[in-house]
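Visitor: Right, I'll just put the structure down here and ask away after.
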Amino acid sequence: FVEELPGPTLRREASAALRQALAEHNAAEKAWPDMTDCDRLDAAFAALEAEGVIARQNFTCCGSCGAIEIWDEIEEAIGEGRPAEGYAFFHMQDTEAAVEGEALYLNYGACAAGEAAALDIGRRIAAQLDAHDLAVDWDGSWSMRIQVVLDWKKRRTLRMLEA
């Protein structure tokens, strides 16, 4: 289909489709509660950052890439003088699943070596999520990612800036 359209036509069609999608999203947002689960998740991640847990959303394509690239984020934080005791992130595949109505899964770990340090970070993450009224399902083991049950309603960034 795309190959069949000349450039100007494709740009017009894409622009119209984008305008329609944004209009639909804006209309849907008007029916949302003042505080969505995604707003709570944003607040929980900000609180984690403030306490030295590097927290990233929609970070990298997959868990394997995230587990490598999070260390660049940690090194950057340390280089800027910010505390970095551990990390939490979910990747793009997790985001896609959450948008489709599935639970969100968080990877986590500690800067210090060992299971005890990682589990301490996991408990801190679970506590922040709970403090922000998000439903957490985690058995407390290092082998299990932290599951967050939420209703994915993510506000558009420009809309938030306009408010």
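The values are calculated or read from the model by the stated rules, or taken from the named source; none is laboratory data. Note that the structure is predicted; figures quoted are calculated from it, not measured. We place every Cβ from the backbone using ideal geometry, glycine too, and count neighbours over all the protein chains shown.
Visitor: I'd like to know if the stretch 70-89 contains one or more residues that are closer than 25 Å to Met144 by Cα and in contact with a His (Cβ under 7 Å, 6 or more places away or on another chain).
Guide: There is no residue in the stretch 70-89 that is closer than 25 Å to Met144 by Cα and in contact with a His (Cβ under 7 Å, 6 or more places away or on another chain).
Visitor: Any residue in the stretch 49-75 that is under 16 Å from Ala112 (Cα atoms) sitting within a Cβ distance under 6 Å of a residue that is assigned to a helix (DSSP H, G or I)? List the pairs, counting only those 6 or more apart or interchain.
Guide: Ile54/Glu73; Ile54/Ile74; Ile54/Ala77
Visitor: Being within 16 Å of Phe89 (Cα to Cα) and assigned to a loop (DSSP other than H, G, I, E, B) is the filter here, so list the residues in the stretch 29-56 that pass it.
Guide: Passing the criteria: Glu51, Gly52.
Visitor: Of the residues in the stretch 107-127, how many are in contact with an Asp or Glu (Cβ under 8 Å, 6 or more places away or on another chain) and either crowded, with 16+ Cβ neighbours inside 10 Å or under 15 Å from Cys61 (Cα atoms) (or both)?
Guide: Quick first cut of the stretch 107-127, residues in contact with an Asp or Glu (Cβ under 8 Å, 6 or more places away or on another chain) only: 110-112, 121, 124.
Those still in the list that are either crowded, with 16+ Cβ neighbours inside 10 Å or under 15 Å from Cys61 (Cα atoms) (or both) too: 110-111, 121, 124.
Adding up the residues that qualify gives 4.
Visitor: Kindly evaluate Thr36 against the criterion of being among the β-branched types (Val, Ile, Thr) and either touching a Phe, Trp or Tyr at 6+ places or on another chain (Cβ under 9 Å) or assigned by TED's automatic domain parsing to the domain that holds Asp137 (or both). Working first, answer last.
Guide: Details: among the β-branched types (Val, Ile, Thr): yes; either touching a Phe, Trp or Tyr at 6+ places or on another chain (Cβ under 9 Å) or assigned by TED's automatic domain parsing to the domain that holds Asp137 (or both): yes.
Yes; evaluated as a whole, the condition is true for this residue.
Visitor: Could you tell me how many of the residues in the stretch 64-98 are surrounded by 13 or more Cβ atoms within 10 Å (Cβ to Cβ), among the β-branched types (Val, Ile, Thr) and either within 17 Å of Gln128 (Cβ to Cβ) or touching a Ser or Thr at 6+ places or on another chain (Cβ under 9 Å) (or both)?
Guide: Here the count works out to 1.
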